[in-house]
Amino acid sequence: MKKYSFGFLFTLIFLSNLFSCIYAQESYPYQDKNLSIDKRVENLLQLLTIEEKISMLGGTGFATVPIERLNIPPLNMTDGPLGVRWDESTAFPSCISMASTWEPGLIYKIGKAIGQEVKAKERHVILGPCVNIARIPQGGRNFESYGEDPWLTSRMGVEYIKGVQSENVVATVKHFACNNQEHQRDFVNTLVDKRALYEIYLPAFKAAVKEADVYSVMSAYNKINDYYASENSVLLIDILKNEWGFKGFVMSDWGAVHSSLPTFNNGLDLEMPTGKYMNSNSLLSKIEDGELQLSKLNDKVARILTVMFKIGLFDNYQYDKTKLNNDEHKKLAYESAVKGIVLLKNKSGILPIITDKVRSIAVIGPNADCSRIGGGGSSQLTPFYSVSPLKALQEKIGKDVEISYAPGVIMDGDAPTIDEKYFFTDENGENNGIKVSYFDNVSLSGEPKVVLTEKSINHVWNGNKPNENIPQDIFSARWEGYLKAPKTGKYILNVASDDGVRFYVNDKLLIDDWKDHGEMTNFVDFEMEQNKLYKITLEYYENVGDAIVKLGWQLPGNDLLSQALDVAKSSDLVVLFVGTSKHFESEGKDRESLALPNNQDELIEAVQKVNKNLVVVVTSGSPVLMDKWIDKSTAVLQTWFAGQEIGNAIADVLIGNFNPSGKLPITYPNKWEDCSAFSSYLKEDGITSYTDGIYVGYRYFEKNNIKPLFPFGFGLSYTTFQYSDLNVIQTGKDVKITYKIKNIGEVKGAEVSQLYVQAVDSKIDRANKELKGFNKVYLNPKEEAVIELTLNADALKYFDVEANDWKFEKCKYNLLIGSSSVNIKLNKEIEFK
């Protein structure tokens, strides 16, 4: 060992301590917790260079840019809003299911639980809630929203945000604004009049800002009145920041920015997922030249930093990994799922199922032996577990009742992936496998980085790399080989992917979906001959986010219908599970039809002919048509996409362990032609004119005297409720409303009473009635409760376009208390002074 003199060691120690002291003394005011957030932000703005500030205007995938020099951490983000889309997490029900509970307090708990799981994943931002209005019933993302009414949507969105942000996690209200369809969403020009904008499409966003103090707003993909949402100064500056006083930051939806200067000038603060436009060198030069205002740059960065300080990101931010898959969140997932189920029909009281009377049950349908936890796209989750309705019924009553199962039909997207024994690398069918070439770009350009032989095409990489030499994002792949048909007939070939795919058979392009999107499935029918080999090529690219590509098929000749009819004939009762799935209701596309897909109507009609005791359970994210079978069905349940506990929730409602209490947050039409958007949707490529104005949902049905299949706010119970003793007292601008509800049935239950307001002698064109309050009460048999609601005169205002302001109209108002929008139990006319 080399020896040193004492003097040398002393000098070394002295210098080391000196440098340590110098480093330790290098502190900044922004690190002082005792200073106000404004002062801390001001200090950081002084320390940041212009280049660093510009770098913070663009993301890095799912995070903001860190500035290591100043110890500015990234804001880590994760998709939502049904839970945390980051590895495994609790899968809560879809938002339309949450809205069906009509329990804002429950939604607060869900938001809080999601906030806890965001932190457990070492994330800071959840990309939710979605508060877009369900204008068209086939909208691909209706399941992510809270329905058709701005008041109900506002109440749910506010509580979700408050719950999330109570955990020092950033909520992101989206998609601002008028993202009410997925078809052509990237460029469609939404033409909407100002009154409809203010009264229907903006209230939930305004409530998020003014009541919940939401920290982040996400702009939409579409244009609004000729300008993209991400560069729309009317929305982002005039309304959001100036009129409402929004103090947080505005981020773009992923890939929704189309320009540098207009986007910079017109209100966007953060471009996601990267800074393709906002990190532009042109911004730097124009700021240095004075053409662009430095104050605007500072404002954008200050907004981001302010939010970071608000959640405590600079002050020893705590992550708690115990808040995952815990009993509390499991119970909450179940509670919200079961409370969101809506009983639509119950003829002769066939439900709940009494096991002493029913000895055999046929469980039929494509949604019986699977868990439809949510729709498709960026809200998809990977739960720690999930429970199917079939499994839940078997576990709960399988010892007492004989349960037989048959799928009846297979829905698109459910067909199994193709077994590896049918893939071959050569045209002679001698060597199993398929050749794949991986590229480190999204265009299959240049020489592949990796060439392999894989067994099949069945990949869900999510955040993992396909290969150590290939990045987890920004890559593409080409599979080439041969596919052998096990039998002759018509096959349904399907390709599930996130993002783009092209699929060829015998060099003929059959599927062409070469664009960014969340997970979705493309299908094609193809005739194949037994033992014949078909040349296939599958091309795929992954941009940013999850990476998924799977090739599957549905074999010809399986007589699933006969199997279903056999079990239906031999059973006392049939429970038929139908609906849609994430492959039909998904981000990036709208449903082509409101009809049940894959011949499910025909399945129901066939079963009805062999067994009259039929309970139909519909699992979907928005309305489906029922005209072909509703009259002959004994009972109907709407369960929505209900998260990981969907099976247990449905089973408990069916067998009476829980009395259904959900109410519809969206009108069920008899046909698509009855809906307000029918005359404008898809009428002109690239443009959607909101000719229905303020008449959306039940407002439109009532204005035009159209009878819906099931009205907004509708839902049955296993008990009966009586309304009485309406009393109204005016005190200044407020009206205090009280009335009584009594459970006059034999079982405990819950009733959602709804307050609608009708302007009786209005001189203004107004809806027949509008929801302005609601209450949910749980009552034991013969128990009575006094319900109290408060109505403020401000809630009765309409938006005056000429005055560009909200106006109160002095006239008579009818206060309507109902169990739905059409079933009015009590009413009283008053005149506001």
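So here's what we get for this one:
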| quantity | calculated |
| --- | --- |
| Qualifying residues in region 359-377 (those that are open to solvent by 20 Å² or more (accessible area, probe 1.4 Å) and in contact with a helix residue (DSSP H, G or I) (Cβ under 9 Å, 6 or more places away or on another chain)) - the one nearest to residue 408 (Cα to Cα) | 369 |
| Those strands (runs of 3 or more DSSP E) lying entirely in region 134-222 with at least 3 residues modelled with pLDDT of 95 or more, of a type outside the set (A, V, I, L, M, F, W, C) and open to solvent by 10 Å² or more (accessible area, probe 1.4 Å) | none |
| Within region 378-419, considering residues that are part of a loop (DSSP other than H, G, I, E, B) and modelled with pLDDT under 90, the one farthest from residue 86 (Cα to Cα) | 410 |
| Failed item in (1) assigned to a strand (DSSP E or B); (2) of a type outside the set (Ser, Thr, Tyr); (3) closer than 30 Å to residue 658 by Cα, with residue 782 passing the rest | (1) |
| Failed criterion for residue 587 (all others in (1) out of contact with any strand residue (DSSP E or B) (no Cβ under 9 Å at 6 or more places or on another chain); (2) of a type in the set (Asp, Glu); (3) closer than 22 Å to residue 183 by Cβ hold) | (1) |
| Matching entry among 678, 701, 658 (being under 30 Å from residue 370 (Cβ atoms) and not basic (Lys, Arg)) | 658 |
| Selected residue (only one of 758, 722 is assigned to a strand (DSSP E or B), farther than 17 Å from residue 829 by Cα and open to solvent by 30 Å² or more (accessible area, probe 1.4 Å)) | 722 |
| Lone unmet requirement of (1) without any contact (Cβ under 8 Å) to a residue 40 or more places away in the chain; (2) among the polar types (S, T, N, Q); (3) crowded, with 23+ Cβ neighbours inside 10 Å for residue 691 | (3) |
| Complete set of residues in region 505-543 that are touching a strand residue (DSSP E or B) at 6+ places or on another chain (Cβ under 8 Å), at pLDDT below 90 and part of a loop (DSSP other than H, G, I, E, B) | 517, 518, 519 |
| When residues of region 589-633 are limited to those that are charged (D, E, K, R) and touching a Gly at 6+ places or on another chain (Cβ under 8 Å), the one farthest from residue 678 (Cα to Cα) | 589 |
| Residue within region 553-565 that is surrounded by fewer than 24 Cβ atoms within 10 Å (Cβ to Cβ), touching a residue at least 24 places away in the same chain (Cβ under 8 Å) and touching a Ser or Thr at 6+ places or on another chain (Cβ under 7 Å) present | no |
| Condition met for residue 763 (open to solvent by 40 Å² or more (accessible area, probe 1.4 Å) and assigned to a strand (DSSP E or B)) | no |
| Failed condition for residue 547, given (1) more than 22 Å from residue 420 (Cβ to Cβ); (2) crowded, with 20+ Cβ neighbours inside 10 Å | (1) |
| So residue 629, is it open to solvent by less than 20 Å² (accessible area, probe 1.4 Å) and among the aromatic types (Phe, Trp, Tyr) | yes |
| Subset tally (residues that are under 27 Å from residue 781 (Cα atoms) and not basic (Lys, Arg)) for region 729-750 | 11 |
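The values are calculated or read from the model by the stated rules, or taken from the named source; none is laboratory data. Bear in mind that the values here come from a model prediction, so they are computed numbers and not experimental data. Backbone-built Cβ (ideal geometry, glycine too); neighbour counts: all protein chains shown. Protein only, heavy atoms only, side chains kept; ligands, DNA and RNA dropped before computing areas. Shrake-Rupley method; radii C 1.70, N 1.55, O 1.52, S 1.80 Å.
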